[in-house]
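What follows is a short report on a single structure.
The values are calculated or read from the model by the stated rules, or taken from the named source; none is laboratory data. It should be emphasised that the depicted structure is a prediction, and the values quoted were computed from it without experimental measurement. Cβ sites come from the backbone with ideal geometry, for glycine too, and all protein chains shown count toward neighbours. The accessibility values were calculated without ligands, DNA or RNA, using every heavy atom of the protein model including side chains. Shrake-Rupley method; radii C 1.70, N 1.55, O 1.52, S 1.80 Å.
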Amino acid sequence: MVEAQSWTTRRSSNPRLETSVDIPSTPTGEHRYGPTNNFFNPSFISPTIITALIIASWYFSNIGVLLLNKYLLSFYGYKYPIFLTMLHMLACSFYSLLAIRWFQVVPFQQILSRRQFFKILALSGIFCFSVVCGNTSLRYLPVSFNQAIGATTPFFTAIFSFVITCKKESAEVYLALMPVVFGIVLASNSEPLFHLFGFLMCVGSTAGRALKSVVQGLLLSSESEKLHSMNLLLYMAPMAAMILLPFSLYIEGNVLSVTLEKAKSDSFMILLLVGNATVAYLVNLTNFLVTKHTSALTLQVLGNAKAAVAAVVSVLIFKNPVTVMGISGFAVTIMGVVLYSEARRRLKVTAH
């Protein structure tokens, strides 16, 4: 799940919008945290090849978790999106511990105060809402339409930034958001498999990702409280699992025993769940690695292209029907996101 979104902390996968408090980008780079373990940077391989492999892994994990979630929730018949998200969080907890403590991908950072702990807990709650909504939407909507809605993240980021921080953007930025909204309206009206509940869940997931990026910048804005994205995931994942467990048991019933019974009769389901949870963690790991080996801007550009690639791959695999109007709406939305990114870049350059 893994719109982790997008798990996030899928922070680095979401378009960012500076506010009066400045939403901090994910801290990366050896100049700040020191060199990462040589396991991820072998000296005998060309840096260009390493970067290409990391980008390919980022695409594979992001698109892979979407397709696996869709297959599990819609085609395989595993209709427990909350429990599935909890499994993702447990896997992220385990793999994060290995990556930071064993492989030393980044230096370990401790929670310094009770106040910081509750801030991270609040972010975990928003994170849970976003990921559960995203996984639930995949039960009802095709991946292609899911990605079209997810591309509207900049629109919600601008809204939350204005409401929470009262920061107004330039006219150029607001104009760039118009095709984002128009494109999704166009795509929605012509989507053959449109489902209102799935649509609302997907919008909720997109809004949740945007809200998390804004709130994260506000809650962890001081230098002493900033956590690397990998350390933040290490703390957020187990908190998110604890939040999700009672909701899963209350809403989805005796899901654990049902899962165990299905696993006894179908061992392939175990492979699916383990693989799905592992790929969900890889989304977060490769987000960090792409930013480290390239830049946050490159990740944003790749993210824009990823939505289109995921949509095409899902149509080829799941054979969901598409219309010319729907494709046009998706294209308009992506164009708006590109214009928004360029407008933000120009504004940032001018400010400096």
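Any residue in the stretch 320-347 that's closer than 18 Å to Ala305 by Cβ and at pLDDT below 85: show its pairings with residues that are open to solvent by 30 Å² or more (accessible area, probe 1.4 Å) and assigned to a helix (DSSP H, G or I) at Cβ separation under 6 Å, as long as the two are six or more apart or on different chains.
From residues that are closer than 18 Å to Ala305 by Cβ and at pLDDT below 85, the pairs are Ser341/Gln300.
Output the number of the condition that Leu244 fails; it satisfies all remaining conditions of (1) modelled with pLDDT of 95 or more; (2) of a type outside the set (S, T, N, Q); (3) surrounded by fewer than 16 Cβ atoms within 10 Å (Cβ to Cβ); (4) under 19 Å from the mean Cα position of the chain (by Cα).
Going through (1) modelled with pLDDT of 95 or more; (2) of a type outside the set (S, T, N, Q); (3) surrounded by fewer than 16 Cβ atoms within 10 Å (Cβ to Cβ); (4) under 19 Å from the mean Cα position of the chain (by Cα) one by one, Leu244 breaks only (3).
Given (1) within 29 Å of Ile243 (Cβ to Cβ); (2) open to solvent by less than 20 Å² (accessible area, probe 1.4 Å), where does Leu211 come up short, assuming only one miss?
(2)
For Arg139, state whether it is of a type in the set (D, E, K, R) and in contact with a Pro (Cβ under 9 Å, 6 or more places away or on another chain). Spell out the reasoning first.
Working: of a type in the set (D, E, K, R): yes; in contact with a Pro (Cβ under 9 Å, 6 or more places away or on another chain): yes.
Here the answer is yes, as Arg139 does meet what is asked.
Give the residues of the stretch 72-116 that are modelled with pLDDT of 95 or more, open to solvent by 20 Å² or more (accessible area, probe 1.4 Å), in a helix (DSSP H, G or I) and among the aromatic types (Phe, Trp, Tyr), sorted by residue number.
Phe94, Tyr95
Find the residue count for the stretch 293-319, including only residues that are assigned to a helix (DSSP H, G or I), more than 15 Å from Ala56 (Cβ to Cβ), at pLDDT 85 or above and out of contact with any Pro (no Cβ under 9 Å at 6 or more places or on another chain).
Residues meeting the conditions: 5.
Out of Thr294, Thr206, which single residue is hydroxyl-bearing (Ser, Thr, Tyr) and open to solvent by 40 Å² or more (accessible area, probe 1.4 Å)? Show your work before the answer.
Values: Thr206 fails: open to solvent by 40 Å² or more (accessible area, probe 1.4 Å).
Unique residue meeting the criteria: Thr294.
With the requirement that a residue be closer than 11 Å to Leu138 by Cβ, buried (at least 22 other Cβ atoms within 10 Å of the Cβ) and not hydrophobic (A, V, I, L, M, F, W, C), what does the stretch 50-71 give you? Walk me through how you get there before you give the answer.
Residues of the stretch 50-71 that are closer than 11 Å to Leu138 by Cβ, as a first pass: 65-71.
Next, from what is left, pick out any that are buried (at least 22 other Cβ atoms within 10 Å of the Cβ): 65-66, 68-70.
Once the filter is applied, which keeps residues that are closer than 11 Å to Leu138 by Cβ, buried (at least 22 other Cβ atoms within 10 Å of the Cβ) and not hydrophobic (A, V, I, L, M, F, W, C), the stretch 50-71 yields Asn69, Lys70.
Say whether the condition of being within 30 Å of Ser224 (Cα to Cα), open to solvent by 20 Å² or more (accessible area, probe 1.4 Å) and not small (Gly, Ala, Ser) is met by at least one residue in the stretch 182-202. Spell out the reasoning first.
As a first pass, look at the stretch 182-202 and keep what is within 30 Å of Ser224 (Cα to Cα): none.
There is no residue in the stretch 182-202 that is within 30 Å of Ser224 (Cα to Cα), open to solvent by 20 Å² or more (accessible area, probe 1.4 Å) and not small (Gly, Ala, Ser).
How many residues are open to solvent by 60 Å² or more (accessible area, probe 1.4 Å) and assigned to a loop (DSSP other than H, G, I, E, B) when one looks only at the stretch 117-141?
2
Could you list, in sequence order, the residues of the stretch 216-227 that are open to solvent by 20 Å² or more (accessible area, probe 1.4 Å), assigned to a helix (DSSP H, G or I) and farther than 13 Å from Phe118 by Cα?
Going residue by residue through the stretch 216-227, those that are open to solvent by 20 Å² or more (accessible area, probe 1.4 Å) are 218-219, 221-226.
Within this subset, residues satisfying the condition of being assigned to a helix (DSSP H, G or I) are 218-219.
Residue satisfying the conditions is Leu218 alone.
What are the residues in the stretch 151-190 that are within 27 Å of Cys128 (Cβ to Cβ) and assigned to a loop (DSSP other than H, G, I, E, B), if any?
Ala151, Thr152, Lys167
From Leu256, Leu260, which residue is surrounded by fewer than 17 Cβ atoms within 10 Å (Cβ to Cβ), in contact with a Phe, Trp or Tyr (Cβ under 9 Å, 6 or more places away or on another chain) and farther than 30 Å from Ile49 by Cβ?
Numbers: Leu260 fails: in contact with a Phe, Trp or Tyr (Cβ under 9 Å, 6 or more places away or on another chain).
It is Leu256.
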